[in-house]
Amino acid sequence: MSESAFSKLSLAEPLARAVAEMGYESMTPIQEQAIPVVLTGKDVMGAAQTGTGKTAAFSLPLLQRLLKHENSSTSPARHPVRALVLLPTRELADQVAQQVKLYAKHTNLRSAVVFGGMDMKPQTAELKRGVEVLVATPGRLLDHIEAKNCVLNQVEYVVLDEADRMLDIGFLPDLQRILSYLPKQRTTLLFSATFSPEIKRLANSYLNDPVTIEVSRPNTTASTVEQHFYSTPDDDKRRALRQIVRQRGLTQAFVFVNSKLGCARLARSLEREGLKTTALHGDKSQDERLKALDAFKKGEVDLLVATDVAARGLDIKDVPAVFNFDVPFNPEDYIHRIGRTGRAGASGLAVTLVSPGDQRLMGDLEKLLKRKIEIEPLEFDDERPRGRINDGRRAWRSEEDERPARFDERRREQRSGPASPPKDPFFDQPYETPQVQEPPAWEAGAKPASTRISANIKTKRKVAALFKSE
Ligand code: AMP
């Protein structure tokens, strides 16, 4: 039996079966460290990013501990909320809830998810039937508490996942209110990618003698990510992005921007320039966001332009590249952003476009990374049509090529108001799977993950520092 085999844990049969069906063989480092501790009922303060397997790290032992309450009664009173998992974004809540459902599928334990942007009624109906594990975003959970749709006085376990992001979004008052509804006697698990002083304060107030678990040193970036910082005036950033995508033969990338407005605008211009692009920001409806994400996961979209809030925690692994179109306002977001690439032992590319006005932000980033950052010049080559991303029909355009398009658009706007977003042939081109890298040891035997990575990216080291239990 391998050192990190799940069988070593003596999980109850229904949980072991679910794990086996997921195709997991060995535990990830966070699972190896956290599961035994959570099984003892101790509080945990975990430093781990999404993509490290932390959902299973807390859900499996929690489900195991909840099995004593398992029953097949139809009475809601027999299914009170026993475990509450709080997450900052709807997408993340949705992803975690889906995983919990899979792990619990052979038990009689019920789980549900509630998040904003969706009709409350179906959520209310589910809550009223009774659920043992409730996954929620703080705002919507408070709505349900106020509407008396759920009672939290029997909660035994609370998980604060992506806690740093919850604080960034301004969820602290909501969190404090929610925690005040819970019994004092409980186990609290807090996971965060970074440990700012605020997070430490939160932990000091709500955790009781926690066991600290770290699988990635806080405030460090994965060593398999090739990082470049290019000096690029604002006006040349789109051109720089197109050039790098083309030169590196990238099939997919995340493009991070600092504002919702910038996000929508950039996605529109890249789309006009022939790149299959979609935007992911907080102003999009839940449905639109899930669609955008889905299209990207399926490879129907090449570039996903996102704000930090919208992208945080998305379970998208092995994106070949991440672009910081804007240097992030909050240096810790740099770590979250580039954590999208080079995950699960694959190599990745992180490119930051630095404009002359970004000096202060770069200074903040250097402080966080504790190293001097070299900003490289970027030489533009002639980008007359020659390459393309997924789509054989559209060629790259240069800035000059783009002028008539903009002119046409202005004319259209004069005639009929703002131009409608260009029609995009989303679902009409199958995604070609690029070369697949060897999976890391803990994934061996797992069901095939979406390990798409460009053949043009050199692998640096097989296992990312992120995955080492340092
Ligand atoms: P998470 O960090 O919890 O979002 O998990 C990231 C991905 O890793 C999810 O798609 C999980 O299904 C997958 N995963 C979690 N644990 C394992 C494991 N032990 N072996 C293989 N895949 C895993």
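Between region 275-300 and region 150-229, how far is it from one alpha carbon centroid to the other, in angstrom?
Going from one Cα centre to the other spans 27 Å.
Can you give the percent of C-alpha pairs in region 6-214 whose distance is more than 24 Å? Mind showing how you got there, number by number?
Working: 7817 of 21736 pairs.
When every Cα pair of region 6-214 is considered, 36 percent fall beyond 24 Å.
Report the net charge of residues surrounding L190, where surrounding means a beta-carbon distance below 9 angstrom and charges are Lys +1, Arg +1, Asp -1, Glu -1. Could you put the intermediate results ahead of the total?
Working: positive: none; negative: D43, D161.
Around L190, the surrounding residues sum to -2.
Output the pairs from K105/K291; K101/K128; K54/K105 with a Cα-Cα distance over 24 Å in this structure; if there are none, say none. Provide the component values of the computation, followed by the final result.
Working: K105/K291 26 Å; K101/K128 18 Å; K54/K105 19 Å.
Pairs exceeding the cut-off: K105/K291.
On a full-extension model of 0.36 nm per residue, what is the gain between R177 and N204, subtracting their alpha-carbon distance, rounded to one decimal in nm?
Numbers: separation 27, 0.36 × 27 = 9.72 nm, distance 1.66 nm.
Contour length minus the Cα-Cα distance gives 8.1 nm.
List every residue whose amide H lies under 5 Å from the amide H of V159, counting only residues 5 or more places away in sequence or on a different chain, with H placed 1.01 Å from N in the peptide plane.
Here the answer is L84, V85, L86, L189, since their amide H atoms fall under 5 Å of that of V159.
Throughout, read-outs are computed from the coordinates displayed, never taken from laboratory work. Being a predicted model, the structure only gives us computed values, none of them experimental. Reconstructed Cβ throughout: ideal geometry from the backbone, glycine too, with neighbour counts over all protein chains shown.
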